[in-house]
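Okay, so here's the structure we're looking at.
The values are calculated or read from the model by the stated rules, or taken from the named source; none is laboratory data. Bear in mind that the values here come from a model prediction, so they are computed numbers and not experimental data. All Cβ positions, even for glycine, are placed from backbone atoms using ideal geometry, and neighbour counts span all protein chains on display.
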Amino acid sequence: MKPTYTFNEAAQYLNVSTGSLSDLIATGELPAAKISKSWVFRGADLDNYLAEEVRIQTEQRREAYQAGRVVKLKSSVAEVRRGRRVLPVLPPLPVAA
């Protein structure tokens, strides 16, 4: 894993469109910084986002299976766009000394 990713690299890493990545940034669901004219993503933040999405979706599938129903999962980006998903409260980022 690289320490930082550009906008296009982050979209490719997460396997999402650039529009979806823009939505994740705009809603604050994915941490990013705009340095000059370029978006920069920390590799650890991308991994944390991906791990959390895997955890959430796996739990949803597990609950649906145990309840005996089939669930068609939608991506978190689609849910955020429709205003159906409550965004997580992110901890404050540490301030560099």
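Considering only the range 30-51, state which residues are over 14 Å from A10 (Cα atoms) and either assigned to a strand (DSSP E or B) or in contact with a Ser or Thr (Cβ under 9 Å, 6 or more places away or on another chain) (or both). Working first, answer last.
Here is the first cut: in the range 30-51, the residues over 14 Å from A10 (Cα atoms) are 35-37, 51.
The answer is I35, and nothing else.
Of the numbered conditions (1) farther than 26 Å from L93 by Cβ; (2) surrounded by 15 or more Cβ atoms within 10 Å (Cβ to Cβ); (3) among the hydroxyl-bearing types (S, T, Y), Y49 fails exactly one; give the number of that condition.
Y49 satisfies every listed condition except (1).
Step by step: first the residues of the range 2-29, then only those that are of a type outside the set (K, R), assigned to a loop (DSSP other than H, G, I, E, B) and in contact (Cβ under 8 Å) with a residue 24 or more places away in the chain, then the one that is surrounded by the fewest Cβ atoms within 10 Å (Cβ to Cβ). Which residue is that?
This residue is P3.
Modelled with pLDDT of 95 or more, aliphatic (A, V, I, L, M) and farther than 19 Å from V95 by Cα: is that true of A11 in this structure? Even if it seems obvious, please write down each step before you answer.
Details: modelled with pLDDT of 95 or more: yes; aliphatic (A, V, I, L, M): yes; farther than 19 Å from V95 by Cα: yes.
Criteria met by A11.
Condition check: surrounded by fewer than 12 Cβ atoms within 10 Å (Cβ to Cβ), at negative phi and either at pLDDT below 95 or of a type outside the set (V, I, T) (or both). Does K37 satisfy that?
Yes, satisfied.
Being modelled with pLDDT under 90 and assigned to a helix (DSSP H, G or I) narrows it down to one residue among R84, R69, R62; which is it?
The unique qualifying residue is R62.
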